[in-house]
Amino acid sequence: MALTYQQLLTAVPVVLDAGNVPNIVGDAGIGKSALVREIAANLNAALFTTVVSLSEKGDLAIPVPPLTSESFVETKNYGRLANVKFGYSETLVSIIKYAEAHPNQSIIWFLDEFNRGTQAVQSELMNLVLQRKINSLRLPSTVRIIIAENPDSTMTGFTDREYGVATGDAAIKDRTVRLVMTSSTAEWLKWAKTAGINDLVSAYLTQYPEQLLVIDPNNEDLAPTPRAWERVSRNLDQLQALDQKMQKELAADIFSGDLGDEVGVAFAQFVLAQGQELTVAILKDAKNGKEQFENADEATKIQVLRSWLSPKLASEEEAALFIKYLQLVSEDGQYAIVQTVGEDFIDLLQAMYEQAIKHPQGSVAQLYQYFAEVATRGDNR
């Protein structure tokens, strides 16, 4: 079970209004911080943020020596005792000052990356989350807390995650409401129209929506996230101000620095190919088709071959050309194309089968047999 960004815009205030603490759980870069900022704006609430992963034990409240003579207690038998006070963090002081100056305005204190803090830091925050106090300081009633965590392998649905987190205390799990956040490319693209996202980023993600957020447990390096695509957009804006030669030299490395090598290179090829898009008509051009196809990224190869699927492939000439291009695609790509044939082009398969019966040594028969081999290869993986 998971909620999208737009759904959480409604769900989180519901939990807050019920007097509970929302715990937003989602992968890094999915938009948790942006979500909380928008919620605070919608509620007309002042927002204070503490990044727990950057906090050390004692950051919130540090014992300080007595500041006046009244802070010392004289005893008959035990000497002079100091009534130790606490100095509170700038964030806590700012929250208290704001609450006093704006007694009727809501305040949201966002504890980000909660489970990436050490156990000692989490324990120090425990009273704030569970009892709304730390030492003698009690939070004003106008302060509402939201926490956010990265998933860990103990959480349902996230057994493959390996973030460097300190597993949360059972009391936190029991006293907060876990709201799992998922990505939605459709929502992101709608937001992109008003956020100044480069049109080429939107065009690419419209074509390849599964690449908005890529989670690969076997890859500990860079991978696409909504936050990474936002950075890519800003980099692309600047890159497009350069001449074409420099764009070609820099694009793949710049985009890979946010998206990882595979998607970064594919996006660079997509950007540089604008104005020279690969089409079936180009593939049929004996002079330029093969060279442009070989230089295209894998996703583009798959897309253009899928667009070629039609009853025309049941002709000898078309089948002979199609199989040559199909063999230039990776095994996974070939399987994806053949899967499409089996799911959406049954009439094409029937037409190819009938042609193959008539001409068992022809190109259509060879393509039909190759489809069968690829399908079997995929089933045996």
Do we find that residue 260 is in contact with a Ser or Thr (Cβ under 6 Å, 6 or more places away or on another chain), under 18 Å from residue 211 (Cβ atoms) and modelled with pLDDT of 90 or more in this structure?
no
Residue ID - surrounded by the most Cβ atoms within 10 Å (Cβ to Cβ), chosen from residues in the stretch 127-147 that are hydrophobic (A, V, I, L, M, F, W, C), closer than 23 Å to residue 12 by Cβ and more than 28 Å from the chain's Cα centre (by Cα):
128
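Residue by residue, here is whether (1) of a type outside the set (S, T, N, Q); (2) within 17 Å of residue 280 (Cα to Cα); (3) touching a Leu at 6+ places or on another chain (Cβ under 9 Å) holds:
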site	(1), (2), (3)
332	yes, no, no
348	yes, no, yes
351	yes, no, yes
358	yes, no, no
366	no, no, no
375	yes, no, no
Just one listed residue, out of 136, 153, 141, is assigned by TED's automatic domain parsing to the domain that holds residue 35 and modelled with pLDDT of 90 or more, and it is 141
Would you say residue 296 is free of Cβ contacts under 8 Å to residues at least 60 places away in the same chain, crowded, with 19+ Cβ neighbours inside 10 Å, within 30 Å of residue 222 (Cα to Cα) and out of contact with any Phe, Trp or Tyr (no Cβ under 7 Å at 6 or more places or on another chain)?
yes
Let me spell it out: the conditions are (1) touching a Gly at 6+ places or on another chain (Cβ under 9 Å); (2) closer than 30 Å to residue 104 by Cα; (3) modelled with pLDDT under 80, and residue 125 meets all of them except one. Which number is the exception?
(3)
Of all residues in the stretch 88-120, how many are surrounded by fewer than 21 Cβ atoms within 10 Å (Cβ to Cβ) and in contact with a Leu (Cβ under 6 Å, 6 or more places away or on another chain)?
2
Return yes or no: is residue 168 on the phi > 0 side of the Ramachandran plot and either crowded, with 17+ Cβ neighbours inside 10 Å or at pLDDT below 80 (or both)?
no
2 or more residues of a type outside the set (A, V, I, L, M, F, W, C) and within 40 Å of the chain's Cα centre (by Cα): qualifying helices (runs of 4 or more DSSP H) within the stretch 330-381:
331-344, 363-379
Evaluate the following for residue 235: is it modelled with pLDDT of 90 or more and more than 23 Å from residue 26 (Cα to Cα)?
yes
Checking residue 250 against (1) touching a residue at least 60 places away in the same chain (Cβ under 8 Å); (2) surrounded by fewer than 16 Cβ atoms within 10 Å (Cβ to Cβ); (3) in a helix (DSSP H, G or I), only one condition comes out false. Which one?
(1)
Whether any residue in the stretch 40-56 is at pLDDT below 90, in contact with a Phe, Trp or Tyr (Cβ under 9 Å, 6 or more places away or on another chain), among the acidic types (Asp, Glu) and not in a helix (DSSP H, G or I) is what I want to check.
no
Condition broken by residue 330, with the remaining ones in (1) crowded, with 18+ Cβ neighbours inside 10 Å; (2) within 14 Å of residue 302 (Cα to Cα); (3) of a type in the set (S, T, N, Q) satisfied:
(1)
Close pairs (6 angstrom Cβ cut-off, 6 or more residues apart or separate chains): more than 24 Å from residue 215 (Cβ to Cβ) in the stretch 30-49, aromatic (Phe, Trp, Tyr) and not in a strand (DSSP E or B) anywhere
46/98
If we keep only residues of the stretch 353-368 that are of a type in the set (S, T, N, Q) and buried (at least 19 other Cβ atoms within 10 Å of the Cβ), then the residue nearest to residue 319 (Cα to Cα) is 363
Only one residue in 290, 312, 284, 301 is among the basic types (Lys, Arg), buried (at least 18 other Cβ atoms within 10 Å of the Cβ) and either modelled with pLDDT under 90 or within 32 Å of the chain's Cα centre (by Cα) (or both), so which one is that?
301
Residue 83 being loosely packed, with under 14 Cβ neighbours inside 10 Å, at pLDDT 95 or above, farther than 22 Å from residue 130 by Cβ and more than 20 Å from the chain's Cα centre (by Cα)
no
If residue 73 satisfies all but one of (1) modelled with pLDDT under 90; (2) outside any strand (DSSP E or B), what's the number of the condition it fails?
(2)
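Take residue 214 and decide whether it is surrounded by fewer than 19 Cβ atoms within 10 Å (Cβ to Cβ) and either within 15 Å of the chain's Cα centre (by Cα) or closer than 21 Å to residue 192 by Cβ (or both).
Answer is yes for this residue.
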Any residue in the stretch 255-267 that is within 24 Å of residue 296 (Cα to Cα), surrounded by fewer than 14 Cβ atoms within 10 Å (Cβ to Cβ) and not hydrophobic (A, V, I, L, M, F, W, C)?
no
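The values are calculated or read from the model by the stated rules, or taken from the named source; none is laboratory data. What you see is a predicted model; the values in this text were computed from it and never measured. Using ideal geometry, Cβ is built from the backbone for each residue, glycine included, and neighbour counts are taken over all protein chains shown.
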